[in-house]
1. Among (1) part of a loop (DSSP other than H, G, I, E, B); (2) surrounded by 15 or more Cβ atoms within 10 Å (Cβ to Cβ), there is one condition Ser313 misses while meeting the rest; what is its number?
2. Any idea which of (1) in contact with a helix residue (DSSP H, G or I) (Cβ under 6 Å, 6 or more places away or on another chain); (2) among the small types (Gly, Ala, Ser); (3) not in a helix (DSSP H, G or I) is the one Ala307 doesn't satisfy?
3. Can you spot a residue in region 123-132 that is touching a Pro at 6+ places or on another chain (Cβ under 6 Å), closer than 17 Å to Leu75 by Cα and either surrounded by fewer than 14 Cβ atoms within 10 Å (Cβ to Cβ) or at pLDDT 75 or above (or both)?
4. Tell me whether region 48-61 contains one or more residues that are at pLDDT 85 or above and of a type in the set (A, V, I, L, M, F, W, C).
5. Pull up region 318-338, narrow it to residues that are under 31 Å from the mean Cα position of the chain (by Cα) and of a type in the set (A, V, I, L, M), then point me to the one that is farthest from Asn246 (Cα to Cα).
6. Hey, any hits in region 259-267 for a residue that's surrounded by 15 or more Cβ atoms within 10 Å (Cβ to Cβ) and farther than 30 Å from Ser220 by Cβ?
7. Scan region 286-317 for residues that are touching a residue at least 24 places away in the same chain (Cβ under 8 Å) and over 17 Å from Leu243 (Cβ atoms) and jot them down.
8. What's the total number of residues in region 1-45 that are hydroxyl-bearing (Ser, Thr, Tyr) and closer than 27 Å to Lys206 by Cβ?
Amino acid sequence: MLKTIQIIALLQGIFLLFILFKHRNNYKKPNFWLLLGCIISVLLHTIGDDNYNLFMHNTDWFVFHDTLIITFFFLYIKYHKSGKETFDSKDFLFFIPYFIDILLHTLEYIGLLEKDNIFEVMIESIEIIFIFYLLVYSIYDIFKFKKEKWLLFFIIPLTFIFITDKVSFLFTNSNNSPLFLDSFGVTLIAVFLFYFMLYKFITAPKDVLPKSTISKYKTSSLQPKNVEKYKTELLHLMTEEKLFKNNKLTVNDVAKQLNIPRQHLSEVLNVHMKIGFQDLLNQYRVEEFIECLQSETYKNYTLLAIANEVGFSSKSSFNTIFKKLKGMTPSQYKKQLN
């Protein structure tokens, strides 16, 4: 039964990797490589870990385990949220616990280190705490920013299996999880994850991998000398003329006012300012709302009336955007001021 599930996961994973590689130039590089790492680590864990090796009987490929999977998923969520186009070399530090674990297993394997020695137990305890932190923070991050919610269907069960496995080890000193969760559990999750990713690639590909804004503007005619000029003029329109108060303002309107091509304005925003047009407007609107909230002029205005004054067109979008940027609702923010 387990081998059948492993084969299904293997075929799904290979097909998913094929789709990814076929369109790799369209996606943001950090997101692409981190998702690739997620899929490969899950795939190799599924077919070769914990003495349930699909190809070699009673062989544990200890280099592929949950520490690597969880680290990749944590970084994938982090970059999906941040929208960065390049990988920060500091983030390689998150893989240190994994490499230390591999080093310990290798020393055990070649006989240079006794199994379950005090040093190893201490290192593994630190590793468990670290991985547990990554799992919990990833779940918290998804709930807070309401992005990649589909990943919860993978991360929450994985967290449950991870905790069950480690608690079981503490009480039994055995690597065999209850009900074989470490084998059947992770393998079933892998099958579901690969199936769901394929489904998302068809229905909403941007939810899985955002497209690269850099490749989008490769053939742009925007001159580098004009970038700062356009940025300065754009910010002037926002800070001095407060164009954002117009709730029907479009990128075309602003481009016409600046007398530049719409494509150039989009490139300045997305590539050089690292922000979308709507996000820029919302930032200015929220800050203007806060200023109005503290002004005597608007002391008799309702929160919604002030929101309308600064450019928001609906109560629901205003509340959602404000909470996203400030971490609390407009009402909570007002109470905090008082």
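The values are calculated or read from the model by the stated rules, or taken from the named source; none is laboratory data. Only a predicted model underlies this, so the values are computations on that prediction, with no experimental measurement involved. Heads up, the Cβs are rebuilt from the backbone with ideal geometry, glycines too, and the neighbour counts pull from every protein chain shown.
1. Of (1) part of a loop (DSSP other than H, G, I, E, B); (2) surrounded by 15 or more Cβ atoms within 10 Å (Cβ to Cβ), only one is false for Ser313: (2).
2. Status for Ala307: all satisfied but (3).
3. yes
4. Scanning region 48-61 turns up no residue that is at pLDDT 85 or above and of a type in the set (A, V, I, L, M, F, W, C).
5. Once the filter is applied, the top-ranked residue is Met328.
6. Scanning region 259-267, I find no residue that is surrounded by 15 or more Cβ atoms within 10 Å (Cβ to Cβ) and farther than 30 Å from Ser220 by Cβ, so the answer is no.
7. Ile290, Leu293, Gln294, Leu303, listed by residue number.
8. 2
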